[in-house]
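Take a look at the structure set out below.
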Amino acid sequence: MMKYFIGWIGCSAATGFLLYVVVSAISRTTFTNILREFEVMLMLIGFSVLLSTVVICTKYLSDRMNADK
């Protein structure tokens, strides 16, 4: 179970960084400006956590289904 938790944290961080880079490139916002935009940061964090939760839960369920066979 710990490997899924560590995977979830890693996936959240990677997805958050990737989304930050994409949003920064699209809006041409610098790091200091995007930190002042609290709503944007909340959306980035929330969406990255949502995506990583879906990925890790799918991996967990897949491992559980394959372990039962």
Can THR29 be described as of a type in the set (Val, Ile, Thr) and modelled with pLDDT of 85 or more?
-> no
Specify the residue that is surrounded by the fewest Cβ atoms within 10 Å (Cβ to Cβ); the eligible residues are those in the stretch 37-63 that are farther than 15 Å from VAL21 by Cβ, in contact (Cβ under 8 Å) with a residue 12 or more places away in the chain and hydroxyl-bearing (Ser, Thr, Tyr).
-> THR53
Would you check if ILE34 is part of a helix (DSSP H, G or I), surrounded by 11 or more Cβ atoms within 10 Å (Cβ to Cβ), modelled with pLDDT under 80 and of a type in the set (Val, Ile, Thr)?
-> yes
Screening LYS3, LYS69, LYS59 for residues that are out of contact with any Ser or Thr (no Cβ under 7 Å at 6 or more places or on another chain) and modelled with pLDDT of 90 or more leaves only LYS59
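The values are calculated or read from the model by the stated rules, or taken from the named source; none is laboratory data. Because the structure is predicted, anything quoted here is derived from the model rather than measured. Here the Cβ is made from the backbone with ideal geometry for all residues, glycine too, and neighbour counts use every protein chain on show.
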